[in-house]
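K.L.:
Below are the structure tokens for one structure; questions will follow.
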Amino acid sequence: MNIRERMASIQLFTDHDHNYPEEAAELAKARQRGKALCYEINRLHPDNLEQRLKLMNELFESVGENVWMEPPIRMAYGSNTTIGSNVYINFNLTVVDDYKVTIGNYVMFGPNVTIAVTNHPVHPDVRREGGMFALPVVIEDDVWIGSGVIIVPGVTIGKGSVIGAGSVVTKDIPANVIAVGNPCKVLREITERDREYYYKDKRVDQVEW
């Protein structure tokens, strides 16, 4: 198997595999491209929104409509991440996207969120060889990821769910729930009451939009 085939089949791989020098060089070039694009995005003047959007479209595999991203951002590749429409990304998003990261529509990120698709063997003798493996991360539509959340390889977060600030998401989270903690666990379902009350006894219909 070549490097990409190993990634896709959860096999151990290294990004400097001497058996596939051309592919390893290509991956290194792609990583460097991602770092350079992040650097350009992060150094832009805040008013230069047109250039930021242009660079975002170059960085990611695909970007939908009406995506707002607050720099700085850090990506391993960028080209392995897809972003839907109407997405808000707050400061300091870090994505280790050696493999696929899928972000749906109407997703919100708080500051300092980390997403990683790459993991390493536990035993130190195996780690010394530089081996790693990758599992895709999927964030479905209408998810809200709170500040400081860490999402580990292989996780899917279901549509409409909320992940509380500071959580470490180690397993799949179902749709339409609030989940919090380390490790992240379901606290409760999102109900019709949440449509009426946005905080404790504060009613949505009392807000002047």
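K.L.:
Out of all the residues in region 100-139, which are in contact with a helix residue (DSSP H, G or I) (Cβ under 6 Å, 6 or more places away or on another chain) and without any contact (Cβ under 8 Å) to a residue 24 or more places away in the chain?
P.N.:
Correct list: H120 only.
K.L.:
Restricting the first residue to region 73-99 and requiring it to be within 16 Å of N119 (Cβ to Cβ) and modelled with pLDDT under 95, which pairs with a second residue that is of a type in the set (G, A, S) and open to solvent by 10 Å² or more (accessible area, probe 1.4 Å) meet a Cβ separation below 7 Å and a spacing of at least six or different chains?
P.N.:
If the second residue must be of a type in the set (G, A, S) and open to solvent by 10 Å² or more (accessible area, probe 1.4 Å), the pairs left are D98/A76.
K.L.:
For region 161-170, which residues satisfy the criterion of being open to solvent by 10 Å² or more (accessible area, probe 1.4 Å) and either free of Cβ contacts under 8 Å to residues at least 40 places away in the same chain or touching a Leu at 6+ places or on another chain (Cβ under 6 Å) (or both)?
P.N.:
V162, G164, G166, V168, T170
K.L.:
Here are G158, G181: which of them is in contact with a Pro (Cβ under 9 Å, 6 or more places away or on another chain), open to solvent by less than 90 Å² (accessible area, probe 1.4 Å) and over 29 Å from A24 (Cα atoms)?
P.N.:
G158
K.L.:
OK, next. I need a count of the residues in region 96-131 that are open to solvent by 50 Å² or more (accessible area, probe 1.4 Å) and at positive phi.
P.N.:
Residues that pass the stated criteria total 2.
K.L.:
When both residues are 6+ apart or on different chains and their Cβ atoms are under 8 Å apart, which pairs have a first residue that lies in region 190-209 and is surrounded by 10 or more Cβ atoms within 10 Å (Cβ to Cβ), and a second that is small (G, A, S)?
P.N.:
I190/G160; I190/S161
K.L.:
Let me spell it out: the conditions are (1) aliphatic (A, V, I, L, M); (2) in a loop (DSSP other than H, G, I, E, B); (3) over 27 Å from L12 (Cα atoms), and V122 meets all of them except one. Which number is the exception?
P.N.:
Single failed check for V122: (3).
K.L.:
Ok, one more. Being over 15 Å from T102 (Cβ atoms), open to solvent by 50 Å² or more (accessible area, probe 1.4 Å) and over 11 Å from the mean Cα position of the chain (by Cα) is the filter here, so list the residues in region 134-155 that pass it.
P.N.:
W144, S147
K.L.:
Can you confirm whether region 179-197 contains a residue that is in a strand (DSSP E or B), under 28 Å from F60 (Cβ atoms) and in contact with a strand residue (DSSP E or B) (Cβ under 9 Å, 6 or more places away or on another chain)?
P.N.:
Yes: one or more hits.
K.L.:
Additional query: Any idea how many residues of region 109-119 are in a strand (DSSP E or B) and in contact with a Ser or Thr (Cβ under 6 Å, 6 or more places away or on another chain)?
P.N.:
Residues meeting the conditions: 1.
K.L.:
Cβ contacts < 6 Å: first residue within 17 Å of M56 (Cβ to Cβ) and at pLDDT below 95, restricted to region 27-41; second residue open to solvent by 100 Å² or more (accessible area, probe 1.4 Å) and not in a helix (DSSP H, G or I), any location; separation 6+ or different chain. Result?
P.N.:
As it stands, the answer is none, since no pair meets every condition given.
K.L.:
Let me ask you something else. Of everything in region 68-82, what is open to solvent by less than 10 Å² (accessible area, probe 1.4 Å) and not small (G, A, S)? Give them in sequence order.
P.N.:
M69, I73, Y77, T81
K.L.:
Looking at (1) among the aliphatic types (A, V, I, L, M); (2) in contact with a Cys (Cβ under 8 Å, 6 or more places away or on another chain); (3) open to solvent by 30 Å² or more (accessible area, probe 1.4 Å), which is the only condition I173 fails?
P.N.:
Looking at each condition in turn, I173 falls short on (3).
K.L.:
Select from region 132-154 the residues that are aliphatic (A, V, I, L, M), in a loop (DSSP other than H, G, I, E, B) and closer than 17 Å to H120 by Cβ and list them in ascending order.
P.N.:
L135, V152, listed by residue number.
The values are calculated or read from the model by the stated rules, or taken from the named source; none is laboratory data. All values reported here derive from a predicted model rather than from experimental measurement. Backbone-built Cβ (ideal geometry, glycine too); neighbour counts: all protein chains shown. Calculation scope for accessible area: heavy atoms of the full protein, side chains included, ligands and nucleic acids excluded. Shrake-Rupley method; radii C 1.70, N 1.55, O 1.52, S 1.80 Å.
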